[in-house]
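K.L.:
The structure is given below, and queries will be raised subsequently.
The values are calculated or read from the model by the stated rules, or taken from the named source; none is laboratory data. Since the model is a prediction, treat every value here as computed from it, not as a measurement. Heads up, the Cβs are rebuilt from the backbone with ideal geometry, glycines too, and the neighbour counts pull from every protein chain shown.
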């Protein structure tokens, strides 16, 4: 009898401890979720050119909109996108159907209050915010990953309506969308890649074969903070440029990477497959070619300039 009573109270104590632990875990998850939602946001900055008053030019006006992460993903879903580009999707704890309905209703009410969606039909009102509209429906997307020893920086640019929207993270927990004139793309590219476009042409054409394993080892070494060498020369930096140009249902573009060793930039194409393609053998051959900054810049501007000129004049994409 005493043994049975002891086992009974032991079971109750174990059950109570399990409940207390469950409550603590849920409270921790709730606090973590609330903190992440308060801190993490997206800031859209649209610079409106100043007009004139009494014959004197006025300074440009910066129009700033702030959105939560949930609002950004909700806007993207209204456009048929699973999530907003460049905005990480939180791994939130699973909600019950009732909780999910309440959260969704709060987000929708917030978007209606901002004028993002219509009160009745809940469809996008365009153009409600040009930076967001450009990112969700770009004519051209340019992504630059710049690698230095222990430092990897991402730069994303979106082009439409004669505008260049730059996506950056100036501080932790904030993603900023900044609108610029598309004619400043060359300056943005030089900043993202640290290329010097004014450099002259190379004196000779040089091409060397290397393996996929060598290319991946250099990029992984720089990202991990370790040293990297190419042909016994220290690697100063490396990078990956991916450009997608949208023409109706067709998408083309440019996919290249570079490695700077000594005074030479070695470039290879199909960079996404070489660096991240799991189906490609590490012993596969990669042809690396020496190139100058001016050649690389011209190759990218050849893709960007037709879109920049047509959107600046207001021509439809199909007319190009």
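K.L.:
Does residue 225 satisfy being more than 21 Å from residue 83 (Cβ to Cβ), touching a strand residue (DSSP E or B) at 6+ places or on another chain (Cβ under 9 Å), in a loop (DSSP other than H, G, I, E, B) and at pLDDT 85 or above?
P.N.:
Judged against the criteria, residue 225 is a match.
K.L.:
Out of all the residues in region 267-278, is one or more touching a helix residue (DSSP H, G or I) at 6+ places or on another chain (Cβ under 8 Å) and assigned to a helix (DSSP H, G or I)?
P.N.:
Scanning region 267-278, I find at least one residue that is touching a helix residue (DSSP H, G or I) at 6+ places or on another chain (Cβ under 8 Å) and assigned to a helix (DSSP H, G or I), so the answer is yes.
K.L.:
Sort through 216, 245 and tell me the only one that's touching a helix residue (DSSP H, G or I) at 6+ places or on another chain (Cβ under 7 Å) and within 17 Å of residue 157 (Cα to Cα).
P.N.:
Checking each option against the conditions leaves just 245.
K.L.:
Condition test on residue 286, is it assigned to a strand (DSSP E or B), at pLDDT 90 or above and closer than 26 Å to residue 148 by Cβ?
P.N.:
Considered against the rule, which asks whether it is assigned to a strand (DSSP E or B), at pLDDT 90 or above and closer than 26 Å to residue 148 by Cβ, residue 286 comes out as yes.
K.L.:
Given the structure, is residue 62 assigned to a strand (DSSP E or B), at pLDDT 65 or above and surrounded by fewer than 16 Cβ atoms within 10 Å (Cβ to Cβ)?
P.N.:
The answer is yes for residue 62.
K.L.:
Something else now. Is one or more of the residues making up region 202-211 surrounded by 17 or more Cβ atoms within 10 Å (Cβ to Cβ), in contact with a strand residue (DSSP E or B) (Cβ under 7 Å, 6 or more places away or on another chain), at pLDDT 90 or above and part of a helix (DSSP H, G or I)?
P.N.:
no
K.L.:
Right, here's the next one. Name the residue that is modelled with the highest pLDDT, counting only residues in region 89-126 that are within 30 Å of residue 153 (Cβ to Cβ) and surrounded by 11 or more Cβ atoms within 10 Å (Cβ to Cβ).
P.N.:
Once the filter is applied, the top-ranked residue is 89.
K.L.:
With the condition kept exactly as written, say whether any residue in region 299-309 is assigned by TED's automatic domain parsing to the domain that holds residue 215, out of contact with any helix residue (DSSP H, G or I) (no Cβ under 6 Å at 6 or more places or on another chain) and at pLDDT below 55.
P.N.:
yes
K.L.:
Do we have residue 239 as within 22 Å of residue 152 (Cβ to Cβ) and touching a residue at least 60 places away in the same chain (Cβ under 8 Å) here?
P.N.:
Yes.
K.L.:
Also, quick follow-up: Scan region 154-170 residue by residue and report those that are surrounded by fewer than 16 Cβ atoms within 10 Å (Cβ to Cβ) and in contact with a helix residue (DSSP H, G or I) (Cβ under 8 Å, 6 or more places away or on another chain).
P.N.:
Scanning region 154-170 gives no hits.
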